[in-house]
Amino acid sequence: MHDNERVSAPSETNAWNHVYSGKVRDLYEPAAGPDDLLLVVASDRVSAFDHVLEPGIPGKGDLLTSLSLWWFDQLREVPNHLVPDHELDAAGVAVSSIPAEFAGRAMLVRKLDMFPVECVVRGYLTGSGWKEYVASRTVCGIPLPDGLRDGDRLPEPLFTPAYKAPLGEHDENISFSRMVELIGEDDAVALKDLSLGIYETASLTAERHGVILADTKFEFGRNPATGVITLGDEVLTSDSSRYWDRDVYLTSDDPTARMASFDKQIVRNWLAHNWDQDDASTPTPPTLPAEIVTQTAARYRELLERLTGSAR
Ligand code: ATP
Ligand code: MG
């Protein structure tokens, strides 16, 4: 079922209380039972430039959840927030109480004390990093050599954190020293090291599958019971990352076309050409045309197939 009603509104369920909706995901808690669990349900909603667009992308919640689960498994050595089935049994939570309509789109996770920082790693220069580079030859204040082009590989991957703004406000790129002020030096260093390490592992994995992981964003939290810094949220999905086709990147002469993306850049590009965000007379973004929706869904699916090798 991919009707608009489900795309735009969280569902009611008896066993699970709806506690929060972000632009893309809906969070639920068990109505009875342990209060340290969360059900993260990915919807088919798609956002760009901080707006949720209409219509959703059919199958997106499912694809992104599958991708996240696959990556958590690849990154097994990093503590993550997934709750194994045997722990659920012990906690008295029946997996069967998860509504059927969430099937394939839901992850049961341990509730973490989230750090208010998005841990961005960029291996390539594009997006907001490229904009800052054009203006100041820096990315998040880190100086870079002259002569780089949009989409170029950076001399080394950069950790460029952002402050996770409260709902409705824009996330803000911050320097590492600002991050230290916000969460303390020990945790800031730990998150930076973890982020760069995961990026390195994941980008090598992606390259083996013919895909470039240009940049990505992680969110970490602390497990309140154990104190362990834990990888949360979604991980290495096409919502939280830029993925490009490696063959196209290496063979294309066109500096823009080489970034053939498997992510919502397709949506961003269409919107950038068809909507003026700053024009007060058009506060709402236009409806996405059917071909953009189809193309985006197909690219998301292709990424999952390339990485996991499973045809869907
Ligand atoms: P945006 O719409 O800008 O993405 P958002 O990040 O708040 O806002 P979602 O990404 O849709 O919205 O919602 C997921 C939310 O769940 C995020 O706020 C994320 O920080 C939070 N989250 C993810 N994993 C956990 C966890 N294990 N414990 C607590 N909160 C978590
Ligand atoms: Mg988010």
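Side notes on the structure shown:
- Top positive-direction residue, dipole computed over the chain with Cβ charges, set Gly210, Val121, Asn14: Gly210
- Extension gain (nm, one decimal) between Val19 and Glu291, 0.36 nm per residue minus Cα-Cα: 94.5 nm
- Along region 251-257 the Karplus relation, 6.51 cos²θ - 1.76 cosθ + 1.60 evaluated at θ = phi - 60°, assigns HN-Hα couplings of 10, 7, 8, 8, x, 8, 5 Hz to successive residues, with x for each Gly and Pro.
- Computed over the chain: relative contact order in percent, which uses C-alpha pairs under 8 Å that are six or more apart: 17
- Computed magnitude of the charge dipole of the chain (debye, nearest 20; Cβ of K, R +1, Cβ of D, E -1): 520
- Accessible surface, region 113-263, averaged per residue in Å² (probe 1.4 Å): 45
- Placed amide H near Ala214: partners under 5 Å, 5+ positions off or other chain: Arg242, Tyr243, Trp244
- Distance between the pseudo-spin-label points of Leu182 and Glu101 (7 Å out from Cα toward the beta carbon): 3.5 nm.
- For region 16-110, the solvent-accessible area of protein heavy atoms averages 41 Å² per residue (probe radius 1.4 Å; ligands and nucleic acids excluded).
- Candidate lysines - alpha carbon under 22 Å from Lys131, same-chain residues fewer than 8 apart omitted: Lys164, Lys217, Lys264
- Within a Gaussian network of the chain (alpha carbon springs, distance under 10 Å), most fluctuating of Thr216, Thr65, Thr201: Thr201
- Each of Val40, Ala165, Leu303 was placed along the dipole of the chain (beta-carbon charges, centred on the mean Cα), and the one lying farthest toward the positive end is Leu303.
- For Arg246, the accessible surface of its heavy atoms amounts to roughly 80 Å² (probe 1.4 Å, protein chains only, rounded to the nearest 10).
- Annotation: amide H of Tyr20 within the under-5 Å range of Leu27, sequence separation 5 or more or interchain, hydrogens built in the peptide plane.
- Residue-averaged 222 nm ellipticity for the chain, from DSSP H runs of 4+ at -39500 (n - 2.57), nearest 500: -10000 deg cm²/dmol
- Measuring nothing but protein heavy atoms, the accessible surface of region 113-263 at 1.4 Å probe radius is 51 percent carbon and sulfur.
- Phi angles across region 118-131 convert, under the Karplus curve 6.51 cos²θ - 1.76 cosθ + 1.60 with θ = phi - 60°, into 3J(HN,Hα) values of 8, 8, 8, 10, 10, x, 10, 9, 6, x, 5, x, 4, 4 Hz, Gly and Pro given as x.
- Taking all protein chains together, Leu304, Leu144 sort by accessible area into Leu144, Leu304, largest first [probe 1.4 Å].
- Here the dipole of region 127-285 is about 200 debye; that uses its Cα centre as origin and unit charges on the Cβ of Lys and Arg (positive) and Asp and Glu (negative).
- For the set Tyr20, Tyr163, the ranking by accessible area, highest first and with no ligand, DNA or RNA atoms included, is Tyr20, Tyr163 under a 1.4 Å probe.
- Euclidean distance between Cα centres, region 107-124 to region 238-312, Å: 23
The values are calculated or read from the model by the stated rules, or taken from the named source; none is laboratory data. These numbers were taken from a predicted model, which means no experiment stands behind them. As a convention, Cβ positions derive from the backbone with ideal geometry for all residues, glycine included, and neighbour counts pool all protein chains shown. For accessibility, only protein heavy atoms count, side chains too; no ligands or nucleic acids. Shrake-Rupley method; radii C 1.70, N 1.55, O 1.52, S 1.80 Å.
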